[in-house]
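Q: Below is one structure. I have some questions about it.
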Amino acid sequence: MSNRAVTARLLLLAGTAMIAATPALAQDQRAPVEAVAAAEPAAAEPVDEVDTGEIVVTARRRDEALQDVPIAVTAYSGAELERRGATDITDVAATTPNVTLEVSRGTNSTLTAFIRGIGQQDPVGGFEQGVGIYLDDVYLNRPQGAVLDIYDVERIEVLRGPQGTLYGRNTIGGAIKYVTRRLSDEPEVSARATVGTYGQLDGVVTASYPLSDMVRIGASVARLTRDGFGKNFTTGKDNYNKDVKAGRVSLEIGPDESAFLRLSADYTKDLSDPRGGHRLIPGLQSGAPVLDDEFDSLGGIDDPHQKVVSKGFAANGQLQIADGLKLKSITAFRKDKSTTPIDFDALPAIDLDVPGIYKNDQFSQEFQLEVDKGPLSGVVGAYYLNANADTTFDVRLFTTFNSPIFGGFSAFSDGHVDTKTWAIFGDFSYEFSDQFSASVGGRFTNDKRHATVLRQSFLGNGSTVFGGLGTPFPTLPLSITSDFEGNRTDKAFTPRVSVSFKPNEDHHFYASWSKGFKGGGFDPRGQSKSAFDADGDGDTDAADTFEYMTFEPEKVTSFELGWKASLLDKRVFTSLALFRANYKDMQIPASTPCKDVNGLDSFCGLTSNAGKARIQGVEWEGDARLFGNPGGPRLNFGWSLGYLDAKFKEFIIPMVLDEDLVPFPGGPVTGKAQDVNMADFRKIQNTPKWTASGTLRYETPLAEGKLNLLTTLAYRGKSQQFEIASPGLDQKGFTLWDASAVYELPGGHWTVGLHGKNLANKRYIVSGYNFMNVNPYTGELIKNGATPGAGFGVPGLESALGKEGVLTAYYGNPRQVLFTVGYKL
């Protein structure tokens with residue numbers, strides 16, 4: 001062993017000893033070939049992956065050709081994302097089948113993610129996500145701060161289906177891996193500037209330098225700004241603007257992959273103004289009109305100041321301990337805090353105004369042992385997570401108590417959910433021959449959660465936390481509507497089995513069976529005084545309260561058949577997956593009107609286990625070179641197609657029905673509390689039946705440089721915002737059109753690009769709120785024929801919470817045109 005290798009191992013061991021004291025962002029091991037979307041070539045590589053099929057990903061925690069992985073996975077290289085003009089992680093959803101990635105309602109930074117119908121819309125503290133987001137192999141426990149801006153990225157991988165046997169945190173729907181670039185052995189400097197419509201001005205600078213053969217340092221900074229797409233006419237602020245500062249630093253030690261340590265840190269501050277919603281109905285009392293521009297708003301709340309800060313530190317080390325055995329350690333600490341004012345009714349008056357604070361921190365430690373012994377390869381690992389999620393908010397409501405002295409009524413909530421979980425997992429493959437192989441994996445998970453929930457009612461302008469006077473009700477005991485503390489532990493073993501058949505090097509057929517698990521928990525917005533006698537023993541005791549405030553684990557059994565192939569002398573690459581997933585006790589978080597103990601209208605969170613669901617579908621992706629050859633002009637067509645047949649088999653809701661709301665003879669008995677199966681009247685949210693995209697890409701040498709032309713059409717079918725239909729808020733099917741032209745100047749140092757996003761300027765809804773009285777079956781707005789207020793507004797519509805009614809929408813980005821200039825030294 002050389003002195004250099006010995007020194008590397010000593011440095012690595014010393015660094016590993018510091019991991020517990022200095023956690024930082026983990027990083028995937030360096031792939032020999034950059035992963036790409038739909039077989040797109042990586043510009044920096046001398047080998048053209050489109051024409052060789054050498055597309056390498058780390059979906060199974062080891063370097064493998066994409067065609068060899070028995071998992072439905074789509075990968076995008078950093079170079080490809082730059083050519084497309086992608087700005088953040090949500091942009092990859094347009095060309096990935098059966099995937100929804102959207103910005104959640106009031107901020108630029110909170111992510112709504114769904115894969116194959118499984119995900120999370122409401123960013124509820126302590127509610128485990130259905131889709132795992134991994135930043136350099138570090139699991140992001142909360143959706144706040146998870147809309148990762150694209151800079152300094154090597155690749156993004158989207159894995160569909162349960163992934164618990166391979167990843168440190170179980171993910172029942174799928175996983176998204178954001179992998180940053182490793183540092184070069186040579187000095188490097190790169191910069192990219194973007195100017196665009198709506199005053200967009202972005203700048204990214206990245207640099208790295210080798211201090212020696214063994215030590216490298218690097219840093220990347222980004223400043224991302226944009227004016228609003230609209231205006232808040234009450235506060236005077238921009239609506240849908242962007243004001244983000246971000247940075248990342250890293251230190252790498254080690255000569256090669258046999259001994260390597262990476263210490264890194266990242267920081268992001270988002271000072272964008274609050275996003276105000278667009279009312280879809282006039283004010284029921286004030287008669288406030290519907291605004292002409294969907295990006296304009298009238299919301300009056302402006303406290304607390306909107307601010308999202310996320311930061312993290314990590315240490316990732318790996319050591320070749322023997323031939324075919326590699327030990328890895330991933331240690332991380334992350335923290336984020338969001339302060340946000342949310343105006344549900346999007347009107348100036350104080351009514352359903354929600355100032356909120358979300359705070360999350362997490363520590364995680366993962367160990368992996370990679371095995372590569374001839375026909376046997378795989379990974380075994382252990383994982384630990386300690387996470388704390390705090391959710392604090394006021395709900396300011398107009399009531400008959402409104403007066404110059406007391407003002408209105410506020411419901412204060414302060415929920416804390418602490419999670420401690422550990423797991424052991426493994427997944428191994430054995431090649432019986434060049435044609436046959438099998439993989440077997442399993443995971444045992446132990447989840448522990450502790451929750452405290454305090455809710456209190458105040459007169460006037462709310463709690464002291466948000467600057468109010470904190471005036472309690474005259475009858476102080478009645479001001480406490482929740483004073484709950486609970487613990488629960490959930491355990492599960494989730495196996496996975498797959499078999500592969502490769503009749504030749506160009507075809508790969510596989511079949512897999514797996515189980516997934518998502519732990520139970522507590523809704524930190526729940527009102528414990530609303531609990532009822534669930535066990536029928538004649539009183540509402542602590543057991544009834546616990547059952548009301550908690551929700552059970554969600555479980556899935558998944559089946560998948562797949563085919564991956566390269567055809568016509570590697571001119572065509574394609575993959576096809578057929579899958580079916582059976583879910584039990586699917587978790588449904590909801591925000592719902594409720595009554596406090598004084599009989600006043602209020603706002604509560606209620607997460608329930610709907611029952612059973614079946615999701616099945618098809619995914620087809622590919623890329624075909626229509627004409628041309630490497631090094632010369634050529635035209636490629638890439639495509640994706642997703643079909644989902646998602647259906648609830650059981651959706652139990654306790655209800656007391658009015659006679660005029662029973663839609664069919666022989667329906668549930670009216671006037672009596674009972675459990676009703678609403679499966680025929682509910683749909684899985686954010687799950688369009690069809691998703692599709694087509695991309696034409698032309699590349700040609702031009703004036704000793706290289707020209708890339710690209711255009712994409714992406715279609716999403718109609719979908720519902722919630723399980724119950726919301727007419728007007730649910731989005732019909734739509735198509736988005738993007739196009740890009742990028743020219744690489746002679747020498748390869750400079751690039752210029754022109755990018756068009758949503759060129760047809762389609763208006764489409766991505767999220768919203770509905771607090772109207774609706775038919776519990778159809779979701780149709782209830783109309784009683786009366787004219788509310790003083791004769792203004794919409795005759796007959798009834799508000800479930802607030803005096804003006806809430807049917808508020810948030811929209812995806814309008815047409816944008818961007819011009820970019822890039823430089824690489």
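Q: Mind ranking Y823, Y764, Y209 by accessible surface for me, highest first, 1.4 Å probe?
A: Y209, Y823, Y764
Q: Taking 8 Å as the Cα distance limit and 6 or more residues as the minimum spacing, I'd like the relative contact order of region 149-221 as a percentage.
A: The normalised contact order for region 149-221 reaches 24 percent.
Q: Could you tell me the relative contact order of region 446-585? Use alpha-carbon pairs under 8 Å, at least six residues apart, and round to a whole percent.
A: So the answer I get is 20 percent.
Q: For V371, V158, what's the largest-to-smallest order of accessible area, 1.4 Å probe?
A: Most to least solvent-accessible, the answer reads V371, V158.
Q: Want the number for L745 to I217: 0.36 nm per residue separation, take away the alpha-carbon distance, what's left?
A: Residue separation times 0.36 nm, minus the Cα-Cα distance, leaves 187.2 nm.
Q: Sticking with this one: When Lys and Arg each count +1 and Asp and Glu each count -1, what net charge do the other residues less than 15 Å away from R455, Cβ to Cβ, add up to?
A: Net of charged neighbours comes to -4.
Q: Quote the FRET efficiency, to the nearest 0.05, computed for L759 versus D323 with a Förster distance R0 of 45 Å and r equal to the Cβ-Cβ distance.
A: 0.25
Q: OK, next. Quick one: of K757/K803; K491/K689; K491/K612; K177/K518, which pairs are farther than 29 Å apart, Cα to Cα?
A: Listed pairs above 29 Å: K757/K803; K491/K689.
Q: Further, regarding this structure: Taking the simple approach of a point 7 Å from Cα along Cα-to-Cβ for both A511 and D256, what is their distance in nm?
A: So the label points at A511 and D256 sit 4.2 nm apart.
Q: Same structure again: Within the accessible area of region 274-342, what % is carbon and sulfur when the probe is 1.4 Å and the other protein chains stay in place?
A: 55
Q: If R0 is 41 Å, what FRET efficiency do you get for T711 and K783 from their C-beta distance, rounded to 0.05?
A: The pair T711/K783 has a calculated efficiency of 0.35.
Q: Is region 203-316 rounded, prolate or oblate when judged by the Cα gyration tensor, a ≥ b ≥ c being the square roots of its eigenvalues, rounded requiring a/c under 1.5 and prolate requiring a/b larger than b/c?
A: prolate
Q: Over region 347-504, what is the mean sequence separation of C-alpha contacts under 8 Å (at least six apart), divided by residue count, expressed as relative contact order in percent?
A: Normalised by residue count, the contact order of region 347-504 is 21 percent.
Q: For region 315-406, with only Lys/Arg (+1) and Asp/Glu (-1) charged at the beta-carbon, what is the dipole magnitude about the Cα centre, in debye rounded to 20?
A: About 400 debye.
Q: Something else now. Run the simple label-point estimate for A703 and F428 please: 7 Å along Cα→C-beta, distance reported in nm.
A: 6.0
Q: Taking R0 as 41 Å, what's the FRET efficiency between R580 and A193 from their Cβ-Cβ distance, rounded to 0.05?
A: Between R580 and A193 the formula returns 0.30.
Q: Ordering K502, K584 from largest to smallest accessible area (1.4 angstrom probe), what's the sequence?
A: My answer, sorted largest first, is K584, K502.
Q: Sticking with this one: Roughly how many Å² is the accessible area per residue of region 310-350, as a whole number, for a 1.4 Å probe?
A: Result: 34 Å² of accessible area for each residue.
Q: Points 7 angstrom from Cα along the Cβ direction at T489 and D292: gap in nanometres?
A: So the label points at T489 and D292 sit 6.4 nm apart.
Q: Multiply the residue gap between W563 and N446 by 0.36 nm, knock off their C-alpha separation, and tell me the result in nm, one decimal place.
A: Once the chain is fully extended between W563 and N446, it gains 38.7 nm.
Q: Right, next: Which entries of K326/K706; K326/K359; K311/K448 have Cα-Cα distances beyond 30 Å here?
A: From K326/K706; K326/K359; K311/K448, over 30 Å: K326/K706; K326/K359.
Q: Taking K564 as the anchor, which aspartates and glutamates have their alpha carbon closer than 15 Å to its alpha carbon, excluding any fewer than eight residues away along the same chain?
A: The reachable aspartates and glutamates, counting only those whose Cα sits under 15 Å from K564, are E54, E64, D68, E505, D506, E619, E621, D623.
Q: Carbon and sulfur atoms: what percent of the 1.4 Å accessible area of region 170-245 do they account for?
A: 58
Q: Identify the residues of region 569-583 with backbone N under 18 Å of a label point that sits 7 angstrom from the Cα of F501 along the Cα-to-Cβ direction, or state none.
A: 576-579
Q: Can I ask one more? Stretched out fully, how many nm does the piece from D537 to L469 gain, at 0.36 nm a residue minus the Cα gap?
A: Taking D537 through L469 to full extension adds about 20.4 nm, to one decimal.
Q: Which pairs break 19 Å Cα to Cα here: K307/K337; K307/K420; K515/K555; K335/K555?
A: Those over the limit are K307/K420; K335/K555.
Q: Considering only protein heavy atoms, what per residue accessible area in square angstrom results for region 135-260 with a 1.4 angstrom probe?
A: Ligands and nucleic acids excluded, the result is 30 Å² per residue.
The values are calculated or read from the model by the stated rules, or taken from the named source; none is laboratory data. Please read these numbers as outputs of a predicted model, since none were measured by experiment. Counting neighbours? That spans all protein chains shown, and the Cβs are built from the backbone with ideal geometry, glycine included. Areas reflect the complete protein model, heavy atoms only, side chains present, ligands, DNA and RNA absent. Shrake-Rupley method; radii C 1.70, N 1.55, O 1.52, S 1.80 Å.
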